[in-house]
Every structure is written in structure tokens, then in C-alpha cells.
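The values are calculated or read from the model by the stated rules, or taken from the named source; none is laboratory data. Since the model is a prediction, treat every value here as computed from it, not as a measurement. Positions of Cβ are backbone-derived with ideal geometry, glycine not excepted, and every protein chain shown enters the neighbour counts. Remember, those area values only see protein heavy atoms, side chains included, never the ligands or the DNA or RNA. Shrake-Rupley method; radii C 1.70, N 1.55, O 1.52, S 1.80 Å.
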Amino acid sequence: MQLTDSVKALKGVGDKTAVLFQKLNIFTVRDLLQHFPREYDRLEEVSTIDSLKPDQQAVIAASVTAAKPSRLKSGKTLLTLSVRDGTGQVTVLYFNQPYLLQKFRPGMFFYFRAIVRQRGKQLLFEQPAAYTREEFMALSDALWPVYGLTKGLTNRMVTSCIRQALDQIVFPDEYLPAYILQREDLIGLREAYHNIHFPQNLKEAALARRRLAFDELFSFVYMVRLQKGFSEQLPNLYSMPKETITRQLLQALPYQLTKPQLRTLQEIFIDLESPYVMNRMIQGDVGSGKTVVALLSLLKCVENGFQGALMAPTEVLAEQHMAYFFDMTAAHNLPFRPVLLVGSMTAAQKKEAYKQIKSGEANLVIGTHAVIQEKVVFKNLALVITDEQHRFGVRQRESLGQKGEYPHVLVMSATPIPRSLAIILYGDMNLSVIDELPSNRLPRLNCVVTASKRAASWRFLEKEVLKGHQAYVICPMVDSGEMEDSSLENVVDYSASLKEALPSDIRIEYLHGRMRPALKKQIMEAFHAHEIDILVSTTVIEVGINVPNATVMMVENAERFGLAALHQLRGRVGRGPDQSYCIFVASREDEKTLKRLDILKQSNDGFFIAEEDLKLRGPGDLFGVQQSGDLNFELADIYQDAGILKSCSALVKELMETDPDLQLKEHQGLKSVLKSGLLNCLDFRTI
Ligand code: ADP
Ligand code: MG
């Protein structure tokens, strides 16, 4: 079996299963092997029945005392077991598995494992896994992988497919030279793939992850270094001396810019007139007011007769920027002639936009990255601003540079990264930091609660809506099929329950990343226009959305998210003069979870939060949380793997000095994979 074979080459995978895999973006055996576990599961210590607590996963060792089959109104069959150990009795339920009556005879002994549920006063095990004593003993030390799933695809199926693939694949030779493996203390490729899926213990898993993260960062750094102009200073072909209109707008704004906003603007304006092209990043926490800085910079560019471009990671954000520039242009009679360029436009609309950009009729292009890069020919592009996406910054210089001369580059990000890492990722980029929020803001009030406070939180949402405000609720999942683990909230079911619980005149809608772009756009516009009161969403809402009337951000299963991501999410509220609130709902009550979430209450500083999150992460937390959308790698994490990133930088530099064309024998493996697309350096497909 080859890596490039379709997953259908696996035994047991037919057309139907292949379609399910496609939903997870898995087409080939290679994709499957790169579908890394989200976490590992292991059996808990056995609990006594009298010590069970609701909503916690537990294993009990108990004898069956009674087994009663019945039929529900829906037609489903139900098997109700009564089981006991020396300390008490609980009820075990199985739906639609009538044959289990044969298995669970009174008097027999099993280990049952499930999340404990409470119904009234009674504790229940629903659909638990049941093991005989022998089965349980065999499993009790093992770790097994937990994968991201989709409806119809079980964890067991994915696991067995991956096992099969690992057994049958013709594995490529190790491509990293021995001296790198040795110096960086890395395990081999084959071992890494095996152990990331099926580790004996957490240490093995960590070593496997380290090797794969290394490859990912190594290829990333290598590609970045190949970019033209990575750390070269290029001459400034677009000097911008005029500033009258820009100054006028500064005076006319309804608010004073904050000190760091002014300082940043100053730094940008100096760059624009310097002998060299600007290459600058603005780091500013969510809500610090980066957009107006972008607007003023683009205004200066346009005032001097050049074209500018503003790129956003999503269509929703691009449209929001477009609306903002449009309103400002009308209100202040600005010389912008903007056009929008996004993927969902028709071919005719795009063609018209291209025409206007080429002729110079349009002097500002606002759109999504991919689209602006594609086929656009500019008349005189002098400034490119990228919003909310780090990783794109490194490529745009070259790809847009090819379209003409090198424009000034400004990257805006809310993800704080230390300067030492920024240099590795972006070359000699200058840094401006906006480290102060506008003064008209009241600090957000944060609370961390458990699921038992959900009803009260919903009442609170209702109260805010009655005051005329809007709210977000974030759930980690799209629909109920994505996970076997039913404890994770999903936007579809959740918004249905919320609608049932709140008065019917409260307008509730949901939004998630799998919806058609046009529908997403429509819903976001309705939320902007206050035609929706509560938006239940996945983290697609995370970046950049600005609806100042929204005052509540409620996050379900908050423990599933990285603190950096939660911090980004809460940045969606507290953007206007009203008091805002964040409610983080933890579905686990262990001390570690609560301690982690508590950091959000201690600080509003994104940098501090990212660092504290890192400190709290233990060896078991390999990939348990979703980090923020910016700067995401498949496995690597720039904070956690800062050390690896630095080694990669040094190695790549050395390689480029000693053997730039990769001609040495020991670099042949590297050369072939860097050319052909790596097995595991996902970046070749994603940057
Ligand atoms: P971000 O930095 O997260 O992109 P935005 O640029 O979207 O933040 O700004 C958030 C909100 O703050 C917007 O509604 C914007 O109009 C407002 N704003 C920006 N600068 C100031 C300021 N100096 N004083 C008051 N409000 C401001
Ligand atoms: Mg923004």
C-alpha cells in the first residue's frame, strides 16, 4: 500500500466510509496517518458506587442483579440493568441493543465504564463500555487514541483503519540526516508515526509529537527562508510625503486615538517615507483598535496616488472591513474608491473588480487573502495590510512582489509573540505594539462556572437581551455526530434547547464553519444589524468580528479551548461603552481545569495569559486544547515548541550556508522530500 493510495485501499473502507472520511479532509492513506489523535484515553481507577459523582467518567466493578428489556414510545428498545458492588447500586441503560440481554445475565460480573449521569436523584450509566475481568486487565495500562470524528464514523473504525495502514504501508526512508536526528535527539519517522497513534505511555507520545512537530517547524522555517526578501532590505519605491487628508481625518474622528495607536501610526508613517520598504507587524490585543490604524495608513497611501490592499482571513471579516471603509468614506468624504474581492463573488463580478484594479479606477482592494493573490494585476500597489493572520505575512511579500515592485507590508495580529520568535517567523520585521485599550471601555467582568449554573446563565442572557444588547454563545462542536463524547455541546442542538428555554420573541440563530459562505455572511449581517439577539456559534466567530452592542460572551466546554483562544473569544465583547460579561462554562470540575480557567479572571493581558497557559501544561497535555486561529500548525505550537523553533532556525541557517543546493549525500533525503512535498510537513500543503 502506498501513501498516495485512496483510503478505499484499506480493507473495510468502501464508498460510504470514504465519503465520511472526506468530510474530515481525509482522502489518501497519508491524510489518514496525519489525522492525529486529539487526546489519549485510558481507563480510570475503579471507583466504588458510593463515591460516584455526576458528569465524571468512571469505571465500576459490579455484578448484575437484574436485567429488564422494554420498549420506548419511539420504538427503540431499552435494556435496564441493575448492578451493585459492596457499597451500593446503580442503573445501567443500553438503547437499541436487545441482544445484550444474552450477555448481562444476573449474577455476572463486569467492569462498566461511562460518564455518570444524574436523572432526578438517581445516578445512571448510559451505554457504558463493559469489560470482563480479563479484558479489563489487558486494557488497564493502555493508552488509546481519541480522534476527531464525524457522524457515522466511530473512533473504533478510525483506529482500526489507522492500525491497518501502519501495518501495510511502504514507509518512506528516513529523510533527516543522522547528524540532525542525533543532535536534536529525535526519534525516527516510522516510530514517530506509530507512537503518535499508539503510544505505550505518555512519554512515548510526547517524543513522537516532538519529532513530528520538529518536521513541521523545520519545513516551515526552510520555506520561509527561501522567500525572497526575507531579511533583505528592499528599496522604497513608493515614498508618501502628502499627509493633509490623513491629518484632517485624525482631527475629525469621534474619539482620540490612544497613545500606542498614535505611536504606531507615527512609526508607520516614518517607514513609508524611509529609503526602505516597510516590513512591520502590529501586535495589539483584541479590541485595541487596529482597524482605524489600518484605515489611516491606507488613507495616506491613497492620498499619495497609490493603491492599497487590505486582506482578511475570512469573507465575513473582509465584508466587515468593507462596510467600515464604506461608511467612513461616506461620512468624511474620503478619497477611497474601494472594491471587494472574495471567493463567493460570481466570475462576472470578479472580472469587473479585476478591471477596476488594473485600470486604477479602484484604489483600494479589500478581500480575502487567497482571492487577492490569485489573478489580480494592480496599477500601482504600494501598501498591503494583512489582518489577523500571521502565517500569511511571510508569503505575501513574494507573491504580491511578483505582481510588480515590492509594496510596503503591514501585518496586524492579536496573537502576542516574543520578538525572538517573530524574527524567525517573519524575518527582520519591525514591531509596533498597541498595549492599551481605548479609555471608554469598562473592564469586562469574567466568571468561570460549572454546568450546573447553565440555567442561571441563560436567564442572564435573557436579561441582557431585554436591555437591548446581544450575546454570543460558543460551543466546540457543529453537530451531534462529530464526537462520540456526548458531553461536548454542539451549536445545532444547543440553539434548539436555548430557543426552548427562552421566550419565543428572543431571536436565536446559529453559525458554524461548515455552512455555505453566503449563509454565514447573511447571518453575520443579520447579527450586525441586530436582527439576531443571540448567536450560537463555533469559534468561526473568533477573529475580528466587531459588534459593539454585544455584551455577553458565553463559552461552553471552556476547558476544550486554549486560553489564548478564549482570550480572543472574549475580545468579541467589551467593544463599546456598555458593561460586558464573559461566562466560561467548565464541564469538568477538576482542580486543574478550574485553575487554568481562573487565569482568565486574573488578567486581560493576552501575553500574560499565553505564558501562564504554557506553564500549566503538563506532559499529558499533548494536544488537548484548541489554540487560536492565528499561527496554527497541525501539531506544533509556537509557545510550547519555541525551543524547537529556535533549533530549526539555527539548523536551516547552517544548511543554507554549508550546502544551499542540498548536494551532499547526507542531504539527499531532505532534498527529495523538500521538493516533492513531505510526508508530514503539512505546511507544504497549507501555507
Ligand atoms: P481590533 O484591534 O481588535 O481589530 P477594532 O479595530 O475592531 O479592534 O476596534 C474595536 C472598536 O474600538 C471599534 O468599534 C473601534 O471603532 C473602536 N475604537 C478604536 N480606537 C478607539 C479609540 N481610540 N477610542 C475609542 N474607541 C476606539
Ligand atoms: Mg481587528
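Tabulated values for the structure
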{"read-out": "P(r) weight above 15 Å for region 317-377, C-alpha pairs, percent", "value": "48"}
{"read-out": "GluC sites (Glu not before Pro) restricted to DSSP loop in region 300-388 with at most 14 other C-beta within 10 Å", "value": "Glu361"}
{"read-out": "Inter-probe distance in nm under a simple model that places probes 7 Å from Cα toward Cβ, at Glu267 and Lys8", "value": "5.5"}
{"read-out": "Average Cα contact separation per residue, region 143-283, under 8 Å, 6 or more apart, as relative contact order %", "value": "18"}
{"read-out": "Whole-Å semi-axes of region 139-183's equivalent ellipsoid (Cα gyration tensor)", "value": "30, 15, 11"}
{"read-out": "Per DSSP, loop chymotrypsin sites (Phe, Trp or Tyr not before Pro) in region 225-332 with at most 13 further Cβ within 10 Å", "value": "Tyr255"}
{"read-out": "Difference of contour (0.36 nm per residue) and Cα-Cα distance, Tyr179 to Lys73", "value": "31.4 nm"}
{"read-out": "Percentage relative contact order, the chain, counting C-alpha pairs under 8 Å, at least six apart", "value": "13"}
{"read-out": "Proximal lysines relative to Lys355, as straight alpha-carbon distance under 17 Å, when same-chain residues fewer than 8 apart are discounted", "value": "Lys375, Lys379, Lys403"}
{"read-out": "Helical contribution to [θ] at 222 nm, DSSP H n ≥ 4, -39,500 (n - 2.57), averaged over the chain, rounded to 500", "value": "-12000 deg cm²/dmol"}
{"read-out": "Net length gained if the chain between Glu243 and Glu191 were fully extended (0.36 nm per residue, minus Cα distance)", "value": "12.7 nm"}
{"read-out": "Contact order relative to length of region 69-147, as percent, for alpha carbon pairs under 8 angstrom and 6 or more apart", "value": "23"}
{"read-out": "Antiparallel content of DSSP bridges confined to the chain, in %, to 5", "value": "35"}
{"read-out": "Value in Å of the Kirkwood radius, where region 40-157 supplies the Cα pairs that are averaged", "value": "15.2"}
{"read-out": "Shape call, region 35-94: gyration tensor on alpha carbons, a/c limit 1.5", "value": "oblate"}
{"read-out": "Alpha-carbon gyration tensor eigenvalues x 5, square-rooted, for the chain, Å", "value": "47, 33, 22"}
{"read-out": "Protection proxy ranking of 211-221, 8-18, 517-527, 27-37 - average other beta-carbon atoms within 10 Å, highest first", "value": "211-221, 27-37, 517-527, 8-18"}
{"read-out": "Test item: Cα-centred dipole of region 45-201, Lys/Arg +1 and Asp/Glu -1 on Cβ, debye", "value": "1340"}
{"read-out": "Rounded FRET efficiency, nearest 0.05, which uses the C-beta distance separating Ala323 from Leu664 and R0 of 51 Å", "value": "0.40"}
{"read-out": "Charge dipole of region 1-52 about the Cα centre (unit charges at C-beta), most positive-ward option of Ile49, Met1, Gln34", "value": "Met1"}
{"read-out": "Listed residue (Thr539, Leu519, Ala529) projecting farthest to the positive dipole end of region 414-564, Cβ model", "value": "Ala529"}
{"read-out": "Rounded percent of accessible protein surface that carbon and sulfur make up, the chain, 1.4 Å probe", "value": "51"}
{"read-out": "Estimated FRET transfer efficiency when R0 is 51 angstrom, pair Glu232-Phe95 (beta carbons, to 0.05)", "value": "0.20"}
{"read-out": "Scattering curve values for region 510-616, log₁₀ I(q)/I(0), Debye with Cα scatterers, q = 0.23 Å⁻¹", "value": "-1.29"}
{"read-out": "Most to least packed among 379-385, 335-341 [average Cβ atoms within 10 Å]", "value": "379-385, 335-341"}
{"read-out": "FRET efficiency for His530 and Ala496, using Cβ-Cβ distance with R0 set to 22 Å, rounded to 0.05", "value": "0.50"}
{"read-out": "Leading residue at positive end of dipole, region 134-280 (Cβ point charges), from Pro199, Asn279, Ser239", "value": "Ser239"}
{"read-out": "Given charges at beta-carbon only (K, R positive; D, E negative), |dipole| of region 110-258 in Debye", "value": "760"}
{"read-out": "Net charge dipole size for the chain [Lys, Arg +1 and Asp, Glu -1 on Cβ; Debye, nearest 20]", "value": "1460"}
{"read-out": "Net charge contributed by nearby residues that have their C-beta within less than 14 Å of Glu589 (K/R +1, D/E -1)", "value": "+2"}
{"read-out": "Using alpha-carbon coordinates, inclination of helix 454-466 to the longest axis of the chain, degrees", "value": "40"}
{"read-out": "Alpha carbon convex hull of region 195-270, volume per residue in cubic angstrom", "value": "197"}
{"read-out": "Whole-number accessible area per residue in Å² for region 1-112, which is evaluated in the context of all protein chains at 1.4 Å", "value": "54"}
